[in-house]
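Undergrad: Okay, handing you the structure first.
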Amino acid sequence: MTHDELIEEALSFAENGPVFPCSANKTPLTRHGFKDASQDPAVVREMFAIAEARLVGMPTGEISEIAVLDIDMPKNEGTPSGFDWLADNEKHLPKTWTVKTMNNGRHFYFEHHDGLRNSAGKIAPGVDIRGEGGYIIVAGEGYEILEKHPPPPFPEAVLAQLSDFKPKEPVAKPEIQ
């Protein structure tokens with residue numbers, strides 16, 4: 001992917017949510033990381049003008065209104081794979097925007113669910129959640145869109161597997177008299 005193609009990808013994703021540049025090792029290249037993400041085309045072009053930009057990052061959570069179920073390949077031989085969990089739980093996943101990652105993992109996009117934060121391996125080894133306070137790589141070398149469906153609500157059956165997940169309590173708004 002050329003640098004100009006990366007900028008075009010960033011601008012395309014910025015139509016749906018804020019983006020920021022990352023290096024080839026997924027490290028944010030902005031001063032405040034994902035907090036500097038923007039949807040403004042001029043700002044996006046400026047951020048991605050740096051030569052080190054290789055990947056397009058997007059914050060997850062309330063700001064982008066998405067949460068991602070991140071399925072990873074095993075890091076070392078003999079360790080469990082997130083795909084083992086996926087084989088047993090795929091029936092709980094509705095069709096959604098799905099991306100193959102540079103390490104042959106999968107990102108399944110869902111609507112952000114209030115109270116859903118990041119977790120690594122809490123559901124199963126190799127199964128991570130990217131929610132409030134996190135980010136994902138949405139485009140760049142090694143990333144391929146496999147399915148293009150609008151993100152549905154986060155599956156309740158998956159949320160139930162997070163032992164510490166507690167939905168945010170609605171804040172009571174004072175009545176105006």
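The values are calculated or read from the model by the stated rules, or taken from the named source; none is laboratory data. All values reported here derive from a predicted model rather than from experimental measurement. Cβ atoms come from the backbone with ideal geometry, glycine included; neighbour counts cover every protein chain shown. Each accessible area value is taken on the protein alone, full model and side chains, heavy atoms only, with ligands, DNA and RNA left out. Shrake-Rupley method; radii C 1.70, N 1.55, O 1.52, S 1.80 Å.
Undergrad: What do you reckon, is Ala14 in contact (Cβ under 8 Å) with a residue 40 or more places away in the chain and either under 16 Å from the mean Cα position of the chain (by Cα) or surrounded by fewer than 16 Cβ atoms within 10 Å (Cβ to Cβ) (or both)?
TA: The answer is no for Ala14.
Undergrad: For region 79-127, please list each of the strands (runs of 3 or more DSSP E) lying entirely inside it that holds at least 1 residues being surrounded by fewer than 19 Cβ atoms within 10 Å (Cβ to Cβ) and modelled with pLDDT of 95 or more. Steps first, answer last, please.
TA: On the way: elements: 98-100, 106-111, 119-124.
Ranges flagged: 98-100, 106-111.
Undergrad: Do the conditions hold for Ile50, that is, is it β-branched (Val, Ile, Thr), in contact (Cβ under 8 Å) with a residue 12 or more places away in the chain, open to solvent by 70 Å² or more (accessible area, probe 1.4 Å) and assigned to a loop (DSSP other than H, G, I, E, B)?
TA: It is false that Ile50 is β-branched (Val, Ile, Thr), in contact (Cβ under 8 Å) with a residue 12 or more places away in the chain, open to solvent by 70 Å² or more (accessible area, probe 1.4 Å) and assigned to a loop (DSSP other than H, G, I, E, B).
Undergrad: Give region 159-177 a look and list any residue that's open to solvent by less than 100 Å² (accessible area, probe 1.4 Å), under 17 Å from Arg117 (Cβ atoms) and either in contact with a helix residue (DSSP H, G or I) (Cβ under 6 Å, 6 or more places away or on another chain) or at pLDDT below 55 (or both), or say none.
TA: Selection gives Phe165, Pro167.
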